[in-house]
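Novice: First the structure, which I've put down as C-alpha cells, then a few questions once you've had a look.
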Amino acid sequence: FFLRLLLGISSEKQAVLADPQVAAWQAECERNEGLACGNLGALYFTGKGVAPDEAKAFGYYEKACQLGQGARCLRAGVLAVNGRGTALSVEKSADLFLKGCNLFELESCANYLLLTTIDTIGLLRMIW
C-alpha cells in the first residue's frame, strides 16, 4: 500500500555504538539545524548508534519538521497516528502531514487527504 510508511523495525536488538557523529548532530540540532534533528530522529528510531527510543525519535522528527524537513513531518505523522513515541493523535498527525505537504513531501499530502476524509479512527487503524 503506497501510503504506508515501512517503518523497518527489526526484531533483533541493535548494538549500541559510541558514535561521535551523534554528539555532533545533537549540537547541530540544538542550533536548529533541521537536517541534524532529522538524522537524530532516524537514529533513535532504528537504534543505530544509540539505544532505540521512539519518544526521542518522535521529538527529533517533530523538531526537524518544524525546521522545514518535509520528509521528517511524514515520519512524525506516521508515528503520531500509530501512537508510537507519542500519544495517538489523529489531529497531531494531520497537522504534521499538512506541514509536510506544504513542504512538498507528496506522501504527506496523500496521507493528509486520507486522514481528513476518513472520519473514524477504527477504519483508519485498519488501513494503516
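Novice: Residue separation times 0.36 nm, minus the C-alpha to C-alpha distance between Leu113 and Gln21: what's the value?
Specialist: 29.4 nm
Novice: Still on this model: Kindly write out, for the range 25-31 in residue order, the coupling ³J(HN,Hα) from the Karplus curve 6.51 cos²θ - 1.76 cosθ + 1.60 (θ = phi - 60°), rounded to whole Hz, with x marking Gly and Pro.
Specialist: 5, 4, 5, 5, 5, 4, 8
Novice: What is the extension gain from Ser89 to Thr46, computed as 0.36 nm multiplied by their sequence separation minus the C-alpha to C-alpha distance, in nm to one decimal?
Specialist: Between Ser89 and Thr46, full extension yields an extra 13.3 nm.
Novice: Listed highest first by mean packing, meaning other Cβ atoms within 10 Å per residue, what order do 80-90, 31-41 come in?
Specialist: For the peptides 80-90, 31-41, the packing ranking is 31-41, 80-90.
Every read-out reported here was derived from the displayed coordinates using simple, explicitly stated rules and does not represent laboratory data. Quick caveat, the model's predicted, so the values are computed rather than measured. As a convention, Cβ positions derive from the backbone with ideal geometry for all residues, glycine included, and neighbour counts pool all protein chains shown.
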